[in-house]
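So the structure is just underneath, and the comments pick up after that.
The values are calculated or read from the model by the stated rules, or taken from the named source; none is laboratory data. Every value quoted in this text rests on a predicted model; they were computed, and no experiment measured them. Ideal geometry is used to build each Cβ from the backbone, glycine not excepted, and the neighbour counts take in all protein chains shown. Heavy atoms of the whole protein, side chains included, go into the accessibility calculation; ligands, DNA and RNA do not. Shrake-Rupley method; radii C 1.70, N 1.55, O 1.52, S 1.80 Å.
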Amino acid sequence: MMAGRRSVCVGAGAAIASGILGAGPACADDATVRIGQGALRGQASGGVLAFKGIPYAAPPVGKLRYRSPEPGVPWDGVRDATMAGAASIQTLGGAAAWLYESAQPQSEDCLYLNVWTPGLDGRRPVMVWLHGGAWRTGHGAVVGTNGTALVARGDVVVVTLNYRLGALGWLAHPDLRDPETGAFANWGLQDQIAALRWVAANIAAFGGDPANVTLFGQSAGGSSTASIVQNPDNAGLAHKAIIESGSLHGAPAFPEPATAAAYAEALAQRLSTSVAGLRDVPAQHLHDTELALSRDPALVRRLGRAPVLPVRDGIVLKEWPRDAALPPIPLLIGTTRDEGVFWFDLIGPDGHLVPGLKPPADQAQLVSMTADLTAIYQPESKAAPGSVVARYQQDAVSRGEPTDPRSVFISLYTDAVFRLRALAYAQRHAGAGNPTFLYEFAHPLAPPAHGTPHTAEIPFVFATYADPFFADKVGHGDAGARVSTLMLDSWASFARMGVPAAGWARMEPDGSNVNVLGAPGVLHSVTASVRPGQLAAWKSA
């Protein structure tokens, strides 16, 4: 219920037609809303109202560390909601720092969300964004996901949020079991669900429709979207889903409870405490120690990738997204054209390689790394690694593309971790008769960078591509503006009606119809499939 308002933002639907943040009429005054916890004072900017730093759950500190989120604490008077809340404790570097400009301030007290709205009246579609960052980095107030432009042009309400990251969000062990919920893992996933419950209870006060909520996210946020929506316990919290470059994880890439528990015990041992005693370790010291442990070669040999990740606990995460089915809701899902460039060949505007993962140095290492990639991300494939590599190199020759080990492995990585998963997931959903739209984002980065890596679509979905932090990385001329308008309009249309903008093709049950977005010279086209020769290589015996 609205407590009071000193101004109304009018004309917001056309405020940012150019896709450049900050265009259009501005509201000169602030606005106040009342929700269950108390009154909030937001700020007008760019034709919309923004309410930031809203606590959606109690601070997960002290005895609430490694506990399921509890309801937010009420406050007296009018709370200032013009500044974002602290990000979860994290360490930015490499490609993560290419995407996220900062993560300051940081705190264990991080469960805050932000709301952008065209106005406080009416019932608009709601879009709730889950950021990515490998479950270790990111937050809801980065410049790339500022909701102003998407709200103003799309006439939707946008919500972004923080959730617990790293050792604070994803450590799992039976000794951490919450006595109330029985949960012993997936604290960050529980935070995301708590935020959705907050939206259901409060978003009407911001002009949003709690019966029309689209959950969308990228990378870890995309996989989290699948994890939440597929669980019947969360029925009714989201009515549509957008999964951008989600790995749609499963074992062995992600840990089972026994592996996660062994890691928690190793961390406790390094800190000279018990697993339960991890609740008493200062948060920054806990984070720093775990990050160092995750890079310990001996531990990596024993446990593989540090299991500070979602765990199939049977409570919060009942099935791996790789295997589970969504309820019968509209689904928009896709990838970027060259996901793997983000880790193996990301070039900054200064021409230097952004630190990332080490690519194969020669043909023998290419085959060896492909074998590892298959075992971890495509364990169902029976194809010999050497034959897969040969097929990819033959396909590259036919396309006039490079055949060096780095370039070929980037294609292999893109497909094994992302494209094959998205295709199978979408085909399963479409095969059940559900509205499904599959896309490939193909707009290349600005030179001297190349390709269309993981995360490249984000500043175009939110029309933040012209921000100084992104402009020299992704391009900001007329081509970028057209791509951003297409993306923003498509995502907002999907949130409103379950169908993207005109011209999109619905996926057929056989997997055909991929919507290619932003390719040079062709803004939007539909093709039966993308790189079918390469993808078929994984099915060969």
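If you wrap a convex hull around the alpha carbons of the chain, what volume per residue comes out, as a whole number of Å³? Don't skip to the end; give the middle numbers.
Numbers: hull volume 73.5 nm³, N = 541.
That works out to 136 Å³ per residue.
Scalar couplings 3J(HN,Hα) for region 329-342, obtained by applying the Karplus form with A = 6.51, B = -1.76, C = 1.60 to θ = phi - 60°, are 10, x, 10, 10, 9, x, 9, 8, 5, 10, 3, x, 4, 4 Hz; x denotes Gly and Pro. Helix content alone sets the calculated 222 nm mean residue ellipticity of the chain: runs of n ≥ 4 DSSP H residues at -39500 (n - 2.57) each, divided across all residues, give -9000 deg cm²/dmol. With contacts taken as Cα pairs under 8 Å and at least 6 residues apart, the chain reaches a relative contact order of 14 percent.
Here r is the Cβ-Cβ distance between residue 478 and residue 288 and R0 is 60 Å; the resulting FRET efficiency, rounded to 0.05, is 0.85. Counting only residues at least eight positions apart within a chain, or on another chain, the lysines with an alpha carbon under 28 Å from that of residue 473 are 52, 358. Distance from the C-alpha centroid of region 203-219 to that of region 43-94: 17 Å, rounded to the whole angstrom. Accessible surface for residue 82 stands near 30 Å², nearest 10, in the context of the full protein assembly shown (1.4 Å probe). Cross-link partners for residue 539 among the lysines, with Cα-Cα distance under 17 Å and sequence neighbours closer than 8 places in the same chain left out: 382. What is the list of residues in region 354-373 whose amide nitrogen lies under 15 Å from a point 7 angstrom out from the Cα of residue 404, following Cα to Cβ? Those under the cut-off are 354, 358-363, 366.
Considering only the Cα atoms of region 376-418, their convex hull presents on average a projected area of 3.1 nm².
Take the Cα atoms of region 134-289, build their convex hull, and give its volume per residue in Å³. Working shown, then result.
On the way: hull volume 21.1 nm³, N = 156.
In region 134-289, the Cα hull volume divided by residue count equals 135 Å³.
Using C-alpha pairs below 8 Å separated by at least 6 residues, the relative contact order for region 269-415 is 19 percent. Quotient of the Cα radius of gyration of region 459-536 and 2.2 N^0.38 Å, N being its number of residues: 1.25.
With only alpha-carbon atoms in the gyration tensor, what are the semi-axes of the equivalent ellipsoid for region 314-431, in Å, largest first? Before the final figure, lay out each step's value.
Working: eigenvalues 160, 65, 44 Å².
The answer is 28, 18, 15 Å, longest axis first.
Residue-wise HN-Hα couplings along region 71-87, as the Karplus relation 6.51 cos²θ - 1.76 cosθ + 1.60 with θ = phi - 60° gives them from phi, are x, x, 7, x, 9, 9, x, 10, 7, 5, 10, 10, 10, 5, x, 5, 6 Hz; Gly and Pro carry x. Put 279, 153 in order of accessible area, highest first, and with a 1.4 Å probe you get 153, 279.
Each 5 Å bin from zero up to the one holding the largest Cα-Cα distance in region 229-332 carries the following percent of pairs: 2, 11, 18, 18, 15, 12, 11, 9, 4, 0.
Across region 183-326, C-alpha contacts under 8 Å between residues 6 or more apart give a mean separation that, scaled by the residue count, equals a relative contact order of 31 percent. Each listed q (0.10, 0.12, 0.13 Å⁻¹) maps to a log10 I(q)/I(0) for region 54-201 from the Debye sum over equal C-alpha point scatterers, namely -0.35, -0.51, -0.60. Distant-in-sequence amide contacts of residue 109, defined by a placed amide H-H separation under 5 Å and a gap of 5 or more residues or a different chain, comprise nothing.
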